[in-house]
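Student: Just dropping this structure here.
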Amino acid sequence: MADKQISLPAKLINGGIAGLIGVTCVFPIDLAKTRLQNQQNGQRMYTSMSDCLIKTIRSEGYFGMYRGAAVNLTLVTPEKAIKLAANDFFRHQLSKDGQKLTLPKEMLAGCGAGTCQVIVTTPMEMLKIQLQDAGRIAAQKKMLAAQAQLSAHGTTQPSVEAPAAPRPTATQLTRDLLRNHGIAGLYKGLGATLLRDVPFSIVYFPLFANLNQLGRPASEEKAPFYVSFLAGCVAGSAAAVAVNPCDVVKTRLQSLQRGVNEDTYSGFLDCARKIWQHEGPSAFLKGAYCRALVIAPLFGIAQVVYFLGIAESLLGLLQGPQA
C-alpha cells in the first residue's frame with residue numbers, strides 16, 4: 001500500500017500542470033461565459049457563445065479572447081493544486097483501514113476541498129472578470145455613442161472616433177483594490193464563491209470517483225487513460241451546470257464596472273432577487289453551456305495528468321537512480 005501513496009509535492013505539481021494545460025485550451029470559452037452572464041436585458045451585446053467570440057475577434061483581435069488569461073495562468077497552478085491535494089487529504093483522513101469511502105464521506109471530502117480552494121479562487125476570479133468584461137463595456141459604450149450621433153445628425157456622415165480608453169491591467173487593478181479597500185477588495189464575492197465552489201466539489205469529486213471506479217478492470221488497477229478523462233469531463237460538466245445559478249450571481253457581484261442602465265447589487269440575496277425580477281429564472285442559466293464546455297475538458301485533463309503521474313516521473317528523474 002505504501003507505494004500507492006503519492007507525495008504532496010507530486011500532487012501539487014500534477015494539479016499545476018493540469019491547470020496550465022486546461023486553461024490554455026478553454027480560456028476563450030470562459031471569456032464568452034463571463035460576458036454572457038454579465039450582460040443584462042437592457043443592453044444585449046451578444047446572442048450566443050459563437051456570436052460573442054466572433055465579435056470579440058473583430059473588435060479586439062485574436063488575443064482579445066485571452067484577455068485576463070495571464071491572471072488565470074499565474075494563479076490556476078496553486079488553485080488546482082490546492083483543490084486536488086485537499087480532496088486527497090480529506091479522503092485519506094476520512095478513510096479507515098483502506099475501506100471504500102461512503103457517499104456522505106466522499107461529499108464531505110469534496111466540501112473540504114472546495115472550501116480550501118477559495119483562498120486563491122476568489123482574488124483570481126475577481127481580477128479575471130474585470131479584464132474579461134472590459135471589452136464588453138467598451139463595445140457597449142461605442143455602440144451607444146454611435147447611436148446617439150446618428151440620432152443627433154440624422155445622417156451616417158463619417159466622424160472622428162474618440163480614442164479608446166486604456167484597458168486596466170491585473171497589476172493596476174490589484175494596486176487600486178488594495179489601496180481603496182485593503183485585502184478585502186480582492187475577496188469581494190467570497191460568499192458567492194463559496195456557495196459555488198463548495199457545492200461544485202461536493203458533486204464533482206464523489207461523481208468522478210464513482211464513474212472512474214466503474215471503468216477499472218480490477219479493483220487494484222488504475223482506470224485506463226480514456227476512462228479518467230471521460231469521468232472527469234462528465235463529472236465536471238454535471239457539477240458546473242448544477243451550480244451555474246451561483247456562478248451567475250458571483251460574476252455579477254464581482255464586476256466592478258456596469259454597462260449603461262445595468263443593475264447594481266448590494267449582496268448575494270439582492271443580486272439573486274433582482275435577476276429573478278428583472279430577467280426571469282432563465283437568467284440563472286446564462287452561460288451554463290459555456291461553463292460546461294470549460295469545466296469538462298479542464299477537469300478531464302486534470303484527472304488524466306493526475307492519474308498518469310507526470311509529476312512522479314519528473315521527480316524521479318530529478319532524484320536520479322537510487323542504489
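Student: Pairs under 6 Å by beta carbon, first residue modelled with pLDDT of 85 or more in region 255-268, partner among the small types (Gly, Ala, Ser), six or more apart or different chains?
Tutor: As it stands, the answer is Phe268/Gly191; Phe268/Ala192, since those pairs meet every condition given.
Student: Moving on to the next point. Take the residues in region 110-151 that are touching a Pro at 6+ places or on another chain (Cβ under 8 Å) and more than 26 Å from Glu60 (Cβ to Cβ), then tell me which one is surrounded by the fewest Cβ atoms within 10 Å (Cβ to Cβ).
Tutor: Taking region 110-151 and keeping what is touching a Pro at 6+ places or on another chain (Cβ under 8 Å), we get 110, 114, 120, 130-131, 134.
Among the residues that remain, those that are also more than 26 Å from Glu60 (Cβ to Cβ) are: 110, 114, 120.
Values: Gly110: 29, Gly114: 27, Val120: 18.
Per the criteria, the residue is Val120.
Student: Would a scan of region 75-91 turn up a residue that is of a type outside the set (A, V, I, L, M, F, W, C), at pLDDT 85 or above and over 30 Å from Ala283 (Cβ atoms)? Spell out the reasoning first.
Tutor: Step one: list which residues in region 75-91 are of a type outside the set (A, V, I, L, M, F, W, C), which gives 77-80, 83, 87-88, 91.
Filter again for at pLDDT 85 or above, leaving 91.
Next, only the ones that are over 30 Å from Ala283 (Cβ atoms) stay: 91.
Yes, the conditions are met somewhere in region 75-91.
Student: Filter region 162-208 down to residues that are of a type in the set (D, E, K, R), at pLDDT 90 or above and open to solvent by 80 Å² or more (accessible area, probe 1.4 Å) and give me whichever is nearest to Glu79 (Cα to Cα).
Tutor: Lys188
Student: Now, a different point. Which of the residues belonging to region 174-204 are closer than 30 Å to Ser228 by Cβ and of a type in the set (Val, Ile, Thr)? Give the steps one after another, and end with the answer.
Tutor: Taking region 174-204 and keeping what is closer than 30 Å to Ser228 by Cβ, we get 193-204.
The answer is Thr193, Val198, Ile202, Val203.
Student: Can you name the residue in region 87-105 that is closer than 20 Å to Tyr306 by Cβ and of a type in the set (S, T, N, Q) and is also most open to solvent (accessible area, probe 1.4 Å) among such residues?
Tutor: Per the criteria, the residue is Gln93.
Listed here are the residues, each with its yes/no results for (1) in contact (Cβ under 8 Å) with a residue 40 or more places away in the chain; (2) in a helix (DSSP H, G or I); (3) within 26 Å of Leu186 (Cα to Cα).
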residue: Leu53; (1), (2), (3): no, yes, no
residue: Leu73; (1), (2), (3): yes, yes, yes
residue: Leu84; (1), (2), (3): yes, yes, yes
residue: Pro104; (1), (2), (3): no, yes, no
residue: Met107; (1), (2), (3): yes, yes, no
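Student: Can you work out which of the residues in region 19-55 that are at pLDDT below 80 and not basic (Lys, Arg) is most open to solvent (accessible area, probe 1.4 Å)?
Tutor: Within region 19-55, the match that is most open to solvent (accessible area, probe 1.4 Å) is Asn41.
Student: Another question about this same structure. Out of the residues in region 297-320 meeting the condition of being out of contact with any Phe, Trp or Tyr (no Cβ under 9 Å at 6 or more places or on another chain) and crowded, with 22+ Cβ neighbours inside 10 Å, tell me which one is nearest to Pro9 (Cα to Cα).
Tutor: That would be Ala311.
Student: Just need a number here: residues in region 231-280 that are on the phi > 0 side of the Ramachandran plot and open to solvent by 60 Å² or more (accessible area, probe 1.4 Å).
Tutor: Count: 1.
The values are calculated or read from the model by the stated rules, or taken from the named source; none is laboratory data. It should be emphasised that the depicted structure is a prediction, and the values quoted were computed from it without experimental measurement. Ideal geometry is used to build each Cβ from the backbone, glycine not excepted, and the neighbour counts take in all protein chains shown. For the accessible areas, the whole protein counts, side chains as well, though only heavy atoms, and no ligand, DNA or RNA atoms are used. Shrake-Rupley method; radii C 1.70, N 1.55, O 1.52, S 1.80 Å.
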